Amino acid sequence: MVEVADHGRDRALQGEREYGADVMQLLYIANRYERKPDLVQWLADGEILVSDRYLASSVAYGAALGLDAAWLTELQKFLPQPDLTILLDIAPETAVRRKSVDRDRYERDLSLQARVRQAYHRLAEQPSWLRLDGEQSKDDIAEAVFNAVAERLSPR
């Protein structure tokens with residue numbers, strides 16, 4: 001079932017298939033639940049997991065598309081929760097300059113990206129979030145991320 005969901009999601013992102021915003025977010029969330037046993041095991045083994053887009057992604061994109069953020073959060077409450085979420089905050093125009101080819105339908109919609117950014121800003125007010133200036137150089141961003149994670153991992 002998930003292979004079909006992933007294929008459908010990927011086709012929708014390329015503009016080859018139309019799904020409503022709710023179906024798209026449910027496909028992403030289903031994929032996370034598919035990987036839940038792996039995530040739980042890795043965490044139990046003491047691994048540090050880094051994910052590019054996780055729970056907050058569904059909330060931010062869904063809210064930007066008119067879905068209820070609380071509903072999207074509730075759907076994901078049984079997934080492993082992040083200890084730290086880092087928002088690399090960049091303007092949609094910067095994203096276009098950095099990735100000018102192979103952009104999916106969400107990435108091509110600058111109006112949507114602006115709404116997603118605002119949704120992420122609201123989410124980043126939570127204490128488990130760190131908002132970094134993503135307009136910096138890659139090296140500066142990497143150093144800031146490394147330092148933030150190291151600080152969270154150091155005994156207090």
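The values are calculated or read from the model by the stated rules, or taken from the named source; none is laboratory data. Just so it is clear, the model here is predicted, and its values are computed rather than measured. Reconstructed Cβ throughout: ideal geometry from the backbone, glycine too, with neighbour counts over all protein chains shown. For accessibility, only protein heavy atoms count, side chains too; no ligands or nucleic acids. Shrake-Rupley method; radii C 1.70, N 1.55, O 1.52, S 1.80 Å.
Based on this model, can you work out whether TRP71 counts as part of a helix (DSSP H, G or I) and either within 19 Å of ARG152 (Cβ to Cβ) or under 15 Å from the mean Cα position of the chain (by Cα) (or both)? In short, no.
Across the stretch 51-84, the number of residues qualifying as exposed (fewer than 12 other Cβ atoms within 10 Å of the Cβ) and modelled with pLDDT of 95 or more comes to 6. Across the stretch 101-112, the qualifying residues are those that are of a type outside the set (A, V, I, L, M) and in a loop (DSSP other than H, G, I, E, B), and the one among them that is farthest from ALA60 (Cα to Cα) is ASP102. Scanning the stretch 85-97 turns up one or more residues that are surrounded by 14 or more Cβ atoms within 10 Å (Cβ to Cβ), in a helix (DSSP H, G or I) and either touching a residue at least 40 places away in the same chain (Cβ under 8 Å) or of a type outside the set (Gly, Ala, Ser) (or both).
Scanning the stretch 54-90 for residues that are of a type in the set (Val, Ile, Thr) and in contact with a Ser or Thr (Cβ under 9 Å, 6 or more places away or on another chain), which turns out nearest to GLN41 (Cα to Cα)? Checking each candidate, the answer is THR85. Cβ-Cβ distances below 7 Å connect the following pairs, each with a first residue in the stretch 52-75 that is free of Cβ contacts under 8 Å to residues at least 60 places away in the same chain, a second residue that is part of a loop (DSSP other than H, G, I, E, B) and open to solvent by less than 10 Å² (accessible area, probe 1.4 Å), and a separation of six or more residues or different chains: LEU55/GLN76; LEU55/LEU79; SER58/GLN76. Output the residues belonging to the stretch 36-50 that are in contact with a helix residue (DSSP H, G or I) (Cβ under 9 Å, 6 or more places away or on another chain) and open to solvent by 70 Å² or more (accessible area, probe 1.4 Å). Correct list: GLU47, ILE48, LEU49, VAL50. Screening ARG131, ARG115 for residues that are touching a residue at least 12 places away in the same chain (Cβ under 8 Å), open to solvent by 40 Å² or more (accessible area, probe 1.4 Å) and assigned to a helix (DSSP H, G or I) leaves exactly one candidate, ARG115. In this structure, ARG152 does satisfy being of a type outside the set (A, V, I, L, M), in contact (Cβ under 8 Å) with a residue 24 or more places away in the chain, over 25 Å from GLY62 (Cβ atoms) and not in a loop (DSSP other than H, G, I, E, B). Does the stretch 106-114 contain any residue that is more than 28 Å from VAL149 (Cα to Cα) and polar (S, T, N, Q)? Within the stretch 106-114, one or more residues are more than 28 Å from VAL149 (Cα to Cα) and polar (S, T, N, Q).
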